[in-house]
Structure formats: C-alpha cells, structure tokens
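Asks: Structure provided below as structure tokens; questions to follow.
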Amino acid sequence: MATHNSLDGLSQRFSNIALSDDDATGETSTAPRRRTPVDQYFYEHASRPGSKFKYNSDTKLNIRKTFDDLAKAEKWRRKKRLAEKRKFFEAIDSEFTTRFGDGNKLETWQRLVAMFEPDDPPPTSITKCKKVKEILISFD
C-alpha cells in the first residue's frame, strides 16, 4: 500500500471509519457509521434527559473544543471537569487503538493531531506529533 503523506491521503485511507450513525437527538444519518469511543463519550452526555449539550458527530470535529462545549453546557465545576477529563482521555486512548492500531507510524500520529487541530498542517515527525498532542490535551 502506498504511503500517505498528507491528511487528504489519510482521510481517504480512513474514510470508512466514522464517528456514528446518529446524532444525540436520535436522528439517523444517511451514511451508516460505527460509533467509536470518543463519539460514544459525547453521545452519552448529549442523550441524557435534560442535557443542554447538543452533539451531532462529524469526522472533522475538534474534540477538545467539543469537550469544552460539553463542560460549559453541563456547568461542570473543577472537580467534576477533572473526573470527566479522565474518562475523556480513556476514550481518546481507546479511540487511538481502535482507529490506528500501532502507534509507531507517522501517519497514525498525524491523524491523531488532526482530530484536535483539523485545519493546521500535520507535524513532520512522531516526536513533533507527540509534543503537539501533549500541548493540545493539557487543558483544565
């Protein structure tokens, strides 16, 4: 298989992997999708009765911003936010393994960074990707 050096190539390569087949209101989308761990994390919050958090999965979603939006909608205080952040990171770790498998390929790390910063160019090494990931996920 040819090596993909751009996010466009990665998007095409992983185009069969999407977030879910429905949004938090239960509306089914036209394309069948499999709910992944990060998608499931957000969906569980959005589908709770009385939740003010609206979630409609999108393969280009910025998961850090979505987490911030969830925390704001649910009016989490610091202790609750930290507890949820741990659950969120568990979902990210599971998502990484589900989507990418081996963490020894540059393309794998570029795809992960793109989940946080979809409009930025991908880092050019695994070390740079890991540094970006640490910066992007180190939020309170």
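A short reminder: the numbers here are calculations on the coordinates, not readings from a lab. Computed from a predicted model, the values in this text were never measured in an experiment. Quick reminder, even Gly has a Cβ in these numbers, built from the backbone with ideal geometry, and neighbours come from all protein chains shown.
Asks: Say we look at region 46-80 and pick out the residues that are part of a helix (DSSP H, G or I) and of a type in the set (A, V, I, L, M); which of these is nearest to Asp93 (Cα to Cα)?
Replies: Filtering first and then ranking leaves Ile63.
Asks: Suppose the filter is in contact with a Ser or Thr (Cβ under 7 Å, 6 or more places away or on another chain), of a type outside the set (Ser, Thr, Tyr) and not in a helix (DSSP H, G or I); does Arg35 pass it?
Replies: Yes.
Asks: Which residues, counting only those in region 39-76, are touching a residue at least 12 places away in the same chain (Cβ under 8 Å), more than 20 Å from Met115 (Cβ to Cβ) and surrounded by 14 or more Cβ atoms within 10 Å (Cβ to Cβ)?
Replies: Ser47, Ser51, Ala73, Glu74 - these are the residues of region 39-76 that are touching a residue at least 12 places away in the same chain (Cβ under 8 Å), more than 20 Å from Met115 (Cβ to Cβ) and surrounded by 14 or more Cβ atoms within 10 Å (Cβ to Cβ).
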